[in-house]
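Only the coordinates and a few stated rules stand behind these numbers; no lab work does. The structure displayed is predicted, hence computed values, not measured ones. Neighbour counts are summed over all protein chains in view; Cβ atoms, including those assigned to glycine, are modelled from backbone coordinates with ideal geometry.
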Amino acid sequence: MPAATQRLAWLDLFRGLAVLGMIWTHSAHTFVDAQVQNTPWFHELNYYHGLIAPAFFWIAGFVRAHVTAAKSKPAWPACKRLLMVLLIGYAMHVPWHSLFTADSWRDACKVDVLHCLAISGMLMLLAERFGRWRNVVAAILLVLFVGLQKSAESWRTGVLCIDQYFNRSQGSLFALFPWVGFGLAGFLTRSLWDGVVDRLLPGIFILGSLLAFAPCSLWQGGAPGFFMERLGWVIMAAVWVAILADRISAATGWLQLAGRESLLLYVVHLMLIYAVPLPKQTLQQLIGMTQPLWVVFLIFVALFSASLVLGWWNERRKKAQPH
């Protein structure tokens, strides 16, 4: 197998760390006492919580560019997987207990991270169709989705399921602008660095540092600073994970498993928090924002452990299937 298409263990570890951070973030925002959440130090912690989603997008873009670096792949199998991710994203927001209320349609159309990840992946598939110009197309798309963020805040078509993708003013948790830019940035980063710890690594780290510590406005009236600063932190984190991955691999197999089964862990832990009745209320309704940090940490460990066990089972199930 050509080196360019070999699986990179550090990417699984990086995604696993992102899963760990994601479950902690959801646990903290759901269960930490409301008074604690209003303290300055928790607001500071929220900044680092905000790096989790950009990391997922960046990793998805880097992985897609990596697996197609040596040889192009058919678009349809990947597109089917992305459509499944999009479907799961919608299914996670359908208010199954109150389908016929006035707000049910709005809730079902809410755009979340899975929707944006799916669209980001489809845009990468589109860029790949341009062959040797694919990075140019990806760069143009990145500039558009980051540069038009401010303008998109006022876009309306009158069709709710479309407008939800433009901005968060109608209840969406994420929007295409600028979030798909992180995926496209990961796609483009792979053209600069093949993911191997080599002499290119310092340059990639310096690039991340410049983005993180020197954000600037490139578009009049735009807001690229948010995007560039977080992209810089994600790139720097990726470099550190790549450097350390082999040295700590013996102790991080469980995190690599979490990375490989990240979609399952995402769905499972959210269902445990927001969907599974215990016995008549969900965990969110039963506990609410009432707990001290040490209790929330125990809840987080339980949620992660339960999700990881199901991820382990799913991976074993897939390996047992005949090929």
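Key figures for this structure:
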quantity	calculated
Cβ-defined net charge surrounding residue 89, 10 Å radius [Lys, Arg +1; Asp, Glu -1]	0
When the stretch 55-155 is reduced to its Cα atoms, the Kirkwood hydrodynamic radius in Å	15.4
Radius of gyration and Dmax over the Cα atoms of the stretch 208-323, both given in Å	19.6, 56
Largest to smallest principal axis extent of the C-alpha atoms in the chain, angstrom	55, 50, 46
Given charges at Cβ of Lys, Arg, Asp, Glu: the stretch 3-263 dipole, positive-most of 262, 184, 66	66
Distance histogram for the stretch 1-93 (every C-alpha pair counted, 10 angstrom bins, percent rounded to whole numbers)	13, 32, 31, 16, 7, 1
Cross-link reach list, lysines versus residue 150, counting only Cα pairs under 22 Å and skipping chain neighbours closer than eight places	110
Cβ-based exposure ranking for 73, 150, 110, 319, in which fewest neighbours within 10 Å come first	319, 73, 150, 110
Cα-derived Rg to Rh of the stretch 120-211, Kirkwood definition	1.07
Kirkwood-based Rg to Rh ratio, the stretch 29-79, C-alpha trace	1.32
For the stretch 123-130, 3J(HN,Hα) per residue [Karplus equation, 6.51 cos²θ - 1.76 cosθ + 1.60, θ = phi - 60°, Hz, x = Gly/Pro]	5, 5, 4, 4, 4, 4, 5, 8
Those lysines that a straight Cα-Cα span of less than 19 Å connects to residue 80, excepting residues fewer than 8 apart in one chain	318
Sequence of 109, 116 once ranked by neighbouring C-beta atoms within 10 Å, starting from the fewest	109, 116
Expected 222 nm ellipticity per residue - DSSP helices of 4 or more, -39500 (n - 2.57), all of the chain, to 500	-21500 deg cm²/dmol
Listed residue (233, 89, 42) projecting farthest to the positive dipole end of the chain, Cβ model	89
Assigned charges on the beta-carbon of Lys, Arg, Asp, Glu; the chain dipole about Cα centre (debye)	1020
Local electrostatic count at residue 209 - Lys and Arg +1, Asp and Glu -1, tallied over other residues with Cβ under 15 Å	0
